[in-house]
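The values are calculated or read from the model by the stated rules, or taken from the named source; none is laboratory data. Note that the structure is a prediction, hence the values are computed from the model and not measured. Reconstructed Cβ throughout: ideal geometry from the backbone, glycine too, with neighbour counts over all protein chains shown. Quick note on the areas: whole protein, heavy atoms, side chains included, nothing else; ligands and nucleic acids left out. Shrake-Rupley method; radii C 1.70, N 1.55, O 1.52, S 1.80 Å.
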2 protein chains.
Amino acid sequence: VKQVRVGLVGLGTVGCGALNILQKSAELMTQRSGCEIKVVMASARDLTRSRPCDTTQLELTTDPMAVATSPNVDVVLELMGGTDTAKSVVEAALQSGKHVVTANKALIARHGNALFALAAQQGVQLTFEAAVAGGIPIIKALREGLAANKIEWLAGIINGTTNFILTEMREKKRTFEDVLKEAQALGYAEVDPTFDVEGIDAAHKLVILASLAFGMPFNFEACYTEGVTKITQADIQYADALGFRIKHLGFAKQGAQGIEMRVHPVLVPKTHLLGQVDGVMNAVLVKGDQVGQTLYYGPGAGAGPTASAVIADLLDVVRLMAAPSAAVAPMAVQDSAVKTRAAARIDQIKSAYYLRISAEDKPGVLRGITQALADESISVEAMNQKAPANEGQTVDLVILTNKVVEASMNAALEKISQSAGVLGEVMRIRVDSLN
Amino acid sequence: VKQVRVGLVGLGTVGCGALNILQKSAELMTQRSGCEIKVVMASARDLTRSRPCDTTQLELTTDPMAVATSPNVDVVLELMGGTDTAKSVVEAALQSGKHVVTANKALIARHGNALFALAAQQGVQLTFEAAVAGGIPIIKALREGLAANKIEWLAGIINGTTNFILTEMREKKRTFEDVLKEAQALGYAEVDPTFDVEGIDAAHKLVILASLAFGMPFNFEACYTEGVTKITQADIQYADALGFRIKHLGFAKQGAQGIEMRVHPVLVPKTHLLGQVDGVMNAVLVKGDQVGQTLYYGPGAGAGPTASAVIADLLDVVRLMAAPSAAVAPMAVQDSAVKTRAAARIDQIKSAYYLRISAEDKPGVLRGITQALADESISVEAMNQKAPANEGQTVDLVILTNKVVEASMNAALEKISQSAGVLGEVMRIRVDSLN
């Protein structure tokens, strides 16, 4: 098994998240990539700080350049943020012939052209899935999944802070200032929220998406940027009355006058999926000439989601380092790791249930049904009696149950179907809140 | 430039779709992959049929085996469907040392284990993105984009026909039988609709997703399958009253008793994104231990979407054939194809607009505003006058306009802000229906 040595620049939330995955899911990472991936070194400004990750096995330094140039490191994960030092660090790593994985949207949007030229010259990879929309694999979708398509346009909710603010303003009728304070308290917004609320963070991401969509150099200066600070409660209510939600979107589009890159508030139809993306979640809608519209939704920030994208990039890099056997494992893990797993029978699953019972409209029927449920310790979440049109003495009883093992439900249904006054077969549909 | 020779097995909707992309977007495909991709050969049952694609440059045959074993073919696209002949064709192609791209869900779900073993033995690739959820790159997401994650569960709307039927039943209060007939007339459902409405097609796809999620051999027999034929109009209405939509879902889940694989109707909350996926669209929700929930949405069938996935697979295969320089082009096209594109200025874009104008509540004010809009040929889609609480003589005028070039809107806004009775700045937000 080939061993790959990783150096971490930055041990903040995302750095620790990435370290945790590589340590705690080490076996899965080897199964995915066919290589053993070992974090050997890390840099952080303050080494004395307590952190939610185990750095005891690592060579630690306060100097990011030491990681970037270390002969013991094959791949550098740049997770420090900022553009000045980060740029020097990434340049040094590329110049040292190391592959680099970054989560740094500002770095790519502002200095990506020079950095990719350097990477190409050095014959190494520079990857950046985590720079846009956190855990959503949107870069991979644009570069690979949708590669058969000419991209016509894309539109995305790519800043969680502004989406959280607009969602709270709408749902709780709160003011912009009030929600911003809460977002800061929750850690969704920085102490200086300008980057988020004025749309600069979203513009960095949009510029990256636009360049991939249209095969052009990054051009941050050409992006029109407008924030959410002027949106009032009245606007949100008026938009709602007209059938719209106000969302802060990034657009990249082949327009009549050239490529449009713009970040600004937009009224979108309530019924559109993008109108339903609430809170800190992100989503990107892409229109391709072949596939039509596809949408990618998920968390746009946070340790787990961002580290998920960083590690996905790392696994891609690692697979290529092991080339020519660089193909993705067909079953998502190496063939040797594929194994038969016990399959659950359907009567072993746990689910809530919707029941529709046709019954005679007379005393005692309900008691028989509820007794059958109680016998199997099934509790009822909601019950409604419905009188279907033109059915005389028959009623529909609609019951929502709490979660129960399906075998118990089957036993209860058996009793219910034999219960006095119950007519025909009971309709049973499983209920899932998908969370 | 390396040349790759492709053989097509099947010239139906998807086969022609794939051929069209490879011919009409040939330059883009070379920009994406760094190789020249040429379709050299194709098989079809009836060569005399007229088709929506140009086969004049191809060697044509009625014998799929001739394509599978041709010395002139490097990669075979199996787009014929069915499991018997298709299996023999794919086996023959793999045995001849050719890579195979297939869209055949039944083939993979039922014979995938043997086929992947054969592909591994031959050192070639067998890919199948198009087998699940059409144009949505969900296989790539599971194998690569989410590779840092242990998958906890996934749930998907993976059969467009049943989703169309359930959507029409709910929206138009039609019966199952009635909508099924329409689906057949529209070509969404086969003459024998059993595979779709009994959930077998969804089960094929779910089994594939489950095996990738949990790293286990395909096990179609272990999948619990229940269709939508028993769902009545009453169930849909009762579910709606309780806050739910009925969707036909595939679930793969690590449960207490083993891996659950099940396809059946489910009540899901109306407010959940999956509850909002209507018509023939597909969507897959995936829960990973690091990233949390991500969702992938798009068209599940059709020539363009399915061919989009087939060609994405082909480009992956082609890149690896050109290894060791097998890295994905960082800018989605080869560096030599990256070029600066004209950028549109924000006043050149075309958009509909929402305007909120604070004005005095007196005669003539509205005339000044509508005159300013008319002067710039801006037509009004909707107009409402709102009286904000406690504001005396002031009213809010809310206007939705039709699409207009932003420069015209800017000119109109200039006039409106100087118009008699208009107070303060006009609030302007762009409106987009995202279609």
Skip the ligands, DNA and RNA, and give the accessible area per residue of chain A with a 1.4 Å probe, whole Å². 37 Å²
Rounded to the nearest 10, the angle in degrees between the Cα long axis of helix A:303-321 and the longest principal axis of the Cα atoms of chain A comes to 60 degrees
Just the Cα atoms of segment B:333-393, one point each, no solvent: what log10 I(q)/I(0) does Debye give at q = 0.17, 0.20, 0.30 Å⁻¹? -0.78, -0.96, -1.37
Segment B:235-311 - Kirkwood radius from inverse mean 1/r over Cα pairs (Å): 14.4 Å
Sequence gap at least 6, Cα distance under 8 Å: using those rules, report the relative contact order of segment A:13-78 to the nearest whole percent. 29 percent
10 Å-binned pair-distance histogram of the protein assembly as shown (Cα, whole percent): 2, 12, 20, 23, 20, 14, 7, 2, 0
Between segment B:69-110 and segment B:134-155, what is the C-alpha centre distance in whole Å? 24 Å
Pairwise FRET efficiency - B:Asp375 versus B:Gln348, Cβ, R0 = 25 Å, nearest 0.05: 0.80
Quick check for you: which residues of segment B:206-230 have the amide N under 19 Å from the point 7 Å beyond the Cα of B:Ala120 toward its beta carbon? B:208-220
Roughly speaking, what is the stretch gain from B:Asp178 to B:Lys362, that is 0.36 nm per residue apart minus the C-alpha to C-alpha distance, in nm to one decimal? 60.7 nm
Once accessible area is computed for B alone, A alone and the pair with a 1.4 Å probe, the total buried surface, to the nearest 100 Å², works out to 10200 Å²
Quick one: dipole size for segment B:217-310, taken about the Cα centre, charges +1 on Lys/Arg Cβ and -1 on Asp/Glu Cβ, in debye to the nearest 20. 100 debye
Please compute P(r) over all alpha-carbon pairs of segment B:288-396, binned at 5 Å starting from zero, and give each bin as a whole-number percent. 2, 7, 9, 9, 8, 10, 9, 7, 8, 9, 8, 7, 4, 2, 1, 0
Quick calc, segment A:281-342, dipole around Cα centre from Cβ unit charges on Lys, Arg (+) and Asp, Glu (-), nearest 20 debye, gives 200 debye
Taking a crude spin-label model, label points 7 Å out from Cα along the C-beta direction, the A:Glu425 to A:Asn402 distance in nm is 3.0 nm
How far is helix A:365-375 tilted off the main Cα axis of chain A, in degrees rounded to 10, range 0 to 90? 50 degrees
Under 19 Å by backbone N from the virtual spin label 7 Å along Cα-to-Cβ at B:Thr85, the residues of segment B:13-48 are B:13-19, B:41-48
More than 14 angstrom apart: percent of Cα pairs within segment A:85-174: 72 percent
With a 1.4 Å probe and all protein chains in place, put A:Ser417, B:Ser70, B:Ser336 in order of accessible area, largest first. B:Ser336, A:Ser417, B:Ser70
Are there any GluC sites (Glu not before Pro) in segment A:153-197 that are in a DSSP loop and have at most 15 other Cβ atoms within 10 Å? List them by number. A:Glu190
In whole Å, how far is the Cα centre of segment A:30-47 from that of segment A:263-285? 36 Å
Solvent-accessible area of B:Asp201, probe 1.4 Å, all protein chains present, reported in Å² to the nearest ten, please. 20 Å²
Threshold 40 Å² - residues in segment A:268-300 whose accessible area is reduced by that much or more when the chain is no longer isolated, probe 1.4 Å: A:Leu273, A:Gln276, A:Gln290, A:Val291, A:Gln293, A:Leu295, A:Tyr296, A:Tyr297
0 to 90° range, to nearest 10: angle between helix A:105-122 axis and chain A longest Cα axis: 60 degrees
Signed unit charges on C-beta, dipole axis of the protein assembly as shown, positive-most listed residue A:Pro265, A:Ala18, B:Asn435: A:Ala18
What are the semi-axes of the equivalent ellipsoid of segment A:2-119, taken as the square roots of 5 times the eigenvalues of the Cα gyration tensor, listed largest first and rounded to whole Å? 22, 17, 13
Taking 8 Å as the Cα distance limit and 6 or more residues as the minimum spacing, I'd like the relative contact order of chain A as a percentage. 15 percent
Enclosed volume per residue, in Å³, of the convex hull spanned by Cα atoms of chain A: 213 Å³
Dipole-positive endmost among B:Ala309, B:Tyr353, B:Val328 within segment B:305-402 (Cβ charges, Cα centre): B:Val328
With a ≥ b ≥ c from the Cα gyration tensor eigenvalues, square-rooted, and the rule rounded for a/c under 1.5, otherwise prolate when a/b > b/c and oblate otherwise, segment B:96-147 is prolate
Need one number: the % of Cα-Cα pairs in segment B:135-275 sitting beyond the 19 Å mark. 53 percent
Over chain B, with every protein chain in place, what whole percent of the accessible area is carbon and sulfur at 1.4 Å, could you tell me? 48 percent
Take every Cα pair under 8 Å in segment B:1-117 that's 6+ residues apart, average their separations, divide by the length, and report that relative contact order as a whole percent. 28 percent
